[in-house]
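The values are calculated or read from the model by the stated rules, or taken from the named source; none is laboratory data. All values reported here derive from a predicted model rather than from experimental measurement. With ideal geometry, Cβ positions are generated from the backbone for all residues, glycine too; neighbour counts draw on all protein chains shown. Quick note on the areas: whole protein, heavy atoms, side chains included, nothing else; ligands and nucleic acids left out. Shrake-Rupley method; radii C 1.70, N 1.55, O 1.52, S 1.80 Å.
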Amino acid sequence: MRGEETGQEPHMWSYVPLEQRIPTDHPLRPLRVMVDAILRELSPQFDQLYAQVGRPSIPPEHLLRALLLQVLYSVRSERLLMEQLDYNLLFRWFVGLAMDDSIWDATVFTKNRERLLRGDIARAFFERVRAQAEQRGLLSDEHFTVDGTLIDAWASLKSFKRKEAPPVTPDDSGNPTVNFHGERRSNATHASTTDPQALLYRKGARREAKLCYQGHVLMENRHGLAVDGCLTPANGYGERAAALEMVGPVAMSRRITLAADKGYDTRDFVGALRLLQVTPHVAQNTSNRSSAIDRRTTRHAGYEVSQQKRKRIEEVFGWLKTIGLMRQTRHRGRRRVGWMFVFSLAVYNLVRIRNLAECPA
């Protein structure tokens, strides 16, 4: 029989605790355990960022848990995140808020986040996540892969103007008409008025130029976990320089291999890896040229294994762009974009660790 609508009269009280409303097998529960352990370790570092007197601000633990939810559920703005926190009991439980706790204003949330930016908490959080993976025996200490990806800046090509040009009154302040066809534009003479640190970059021949940054990831080959990451300007040379910077500390303890795609097949890069005692498992680029990788590397079976494993780094970039809000950043400036890139990498590792714990090999 058809059920009768009871109307919109709300109940005065709820007798079900928030903890009991979340299913025991919910995917966020193991993440919450790992995050709580990391935040306890970061507590002394939080104390250094805040004064001992004054008006209490948003707890940094609440900030980081809320940012983690924003990345994990692809919430595109802080205002939508605050809206979700207001009525989503799952979000309230994960952040650590009671049912009746008031929600912060989006502007207040953003300003409090800046304190974590100054303290480089994203890097500290990422290192604690990596330490948890190491304690579980999930990281390889011999075989690694490096690659980079473009991240579209939060700026349009209309904002890419000549640096010394006098200001012009637009015909429409919201969406002005700009005709730049036939004009030669480069990073040397032009800059974005929206995000001056974003650079114009073309990924390849017959591809459109975009204002973007370049994100870099160093991945271990056993389970595809990110062990390091950074952000650089998209200038065409950042990939190899960032790779050497990330692999240097890893190569200090023992001999390792480093896989990479054809873009890293240059004599300077391969020579620098050999000086670091790193075996270069770089894909050979033989298009109208000779490769810097010779038979002394390719004849080993380990080289073929690295060529198969290195493709898993695209899974990291795919998750960052489809889930982690990194296809086009919502922030401006290299420092903010880099902070969110490293933090999103940490969230990816948390999800990967949880999945590996549930489905052991």
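If only Cα atoms are counted, what is the Rg of segment 164-251, and what is its Dmax, in Å?
Every Cα atom of segment 164-251 included, Rg and Dmax give 18.2, 57 Å.
Give me, ordered by chain and number, the residues 5 or more places off Gln214 or on other chains with an amide H under 5 Å from its own placed amide H.
Under 5 Å from the amide H of Gln214 lie the amide H atoms of Ile151, Thr232, Ala234, each far enough along the sequence or on another chain.
Roughly speaking, what % of Cα-Cα pairs in segment 292-341 are separated by over 17 Å, rounded to a whole number?
So the pairs more than 17 Å apart make up 56 percent of the total in segment 292-341.
What FRET efficiency, computed as 1/(1 + (r/R0)^6) with R0 = 45 Å and r the Cβ-Cβ distance, is obtained for Asp86 and Glu183, rounded to the nearest 0.05?
Approximately 0.40, to the nearest 0.05.
Which residue, chosen from Phe343, Gly333, Ser291, occupies the Cα position most advanced towards the positive end of the dipole of segment 291-353, where the dipole is computed from +1 (Lys, Arg) and -1 (Asp, Glu) charges on Cβ about the Cα centre?
Gly333
Treating only the Cα positions of segment 21-172 as identical point scatterers, give the base-10 log of I(q)/I(0) from the Debye formula at each q in 0.15, 0.19 Å⁻¹.
-0.98, -1.29
Could you check the simple spin-label distance between Lys111 and Ala209, using points 7 Å along Cα→Cβ, in nm with one decimal?
Once both label points are built, they end up 4.0 nm from each other.
Given the Cα-Cα distance of Asp101 and Arg327 and 0.36 nm per residue of separation, how much length would full extension add, in nm?
Contour length minus Cα-Cα distance gives 78.0 nm.
State the percentage of accessible surface on segment 267-320 attributable to carbon and sulfur atoms; use a 1.4 Å probe and exclude ligands, DNA and RNA. Could the numbers behind the result be given before it?
Values: 1450 of 3120 Å².
Whole-percent figure for carbon plus sulfur exposure: 46.
Which net charge results when you count Lys and Arg as +1 and Asp and Glu as -1 among the other residues whose beta-carbon is under 13 Å from that of Ala106?
Numbers: positive: Arg76, Arg79, Lys111, Arg113, Arg330; negative: Glu78, Glu83, Asp86, Asp105.
With Lys, Arg at +1 and Asp, Glu at -1, the neighbours total +1.
Here are a few candidate values for log10 I(q)/I(0) by the Debye sum over Cα atoms at q = 0.11, 0.14 Å⁻¹: (1) -1.01, -1.21; (2) -0.88, -1.23; (3) -0.78, -1.19. Which one was actually calculated from the structure I just gave you?
Computing log10 I(q)/I(0) by the Debye sum over Cα atoms at q = 0.11, 0.14 Å⁻¹ and matching it to (1) -1.01, -1.21; (2) -0.88, -1.23; (3) -0.78, -1.19 gives (2).
Please compute the Cα-Cα pair-distance distribution of segment 222-361 with 10 Å bins starting at 0, giving whole percents from short to long.
The distribution over segment 222-361 is 10, 35, 36, 18, 2, given as percents.
State the antiparallel share, in %, of DSSP beta bridges confined to the chain, rounding to the nearest 5.
70 percent
Please give the per residue accessible area of the chain, computed with a probe of 1.4 Å over protein heavy atoms only, in Å².
Working: 20260 Å² over 361 residues.
So the chain comes to 56 Å² accessible per residue, rounded to a whole number.
Taking only Cα atoms and a 10 Å spring cutoff, compute GNM fluctuations for the chain and point out the largest among Ser140, Ser253, Ser291.
Taking springs between Cα atoms under 10 Å, the residue moving most is Ser253.
For segment 162-258, give the percent of accessible area contributed by carbon and sulfur heavy atoms, probe 1.4 Å, rounded to a whole number.
50 percent
What's the Cα-based Rg to Rh of segment 238-284, Rh via Kirkwood?
Using Cα coordinates only, the ratio equals 0.92.
Under a Cβ-only charge scheme (Lys and Arg +1, Asp and Glu -1), can you give me the dipole magnitude of the chain about the Cα centre, in debye to the nearest 20?
Numbers: 53 positive and 41 negative charges, 330 e Å.
With only Lys, Arg, Asp and Glu charged at Cβ, the dipole is about 1580 debye.
For segment 123-165, take the convex hull of the Cα atoms, compute a quarter of its surface area, and give me that in nm², please.
Reported value for the Cα convex hull: 6.0 nm².
Per residue of segment 175-191, in order, report the coupling 6.51 cos²θ - 1.76 cosθ + 1.60 (Karplus, θ = phi - 60°) as ³J(HN,Hα) in whole Hz, putting x for Gly and Pro.
Running phi through 6.51 cos²θ - 1.76 cosθ + 1.60 with θ = phi - 60° gives 8, x, 7, 10, 10, 10, 5, x, 8, 7, 10, 8, 5, 6, 10, 10, 7 Hz.
Roughly speaking, to the nearest percent, how much of segment 53-102's 1.4 Å accessible area is carbon and sulfur?
50 percent
Step through the table entries Lys203/Lys309; Lys262/Lys309; Lys158/Lys210, compare each Cα-Cα distance with 18 Å, and write down the pairs that go over it.
On the way: Lys203/Lys309 24 Å; Lys262/Lys309 15 Å; Lys158/Lys210 11 Å.
Beyond 18 Å: Lys203/Lys309.
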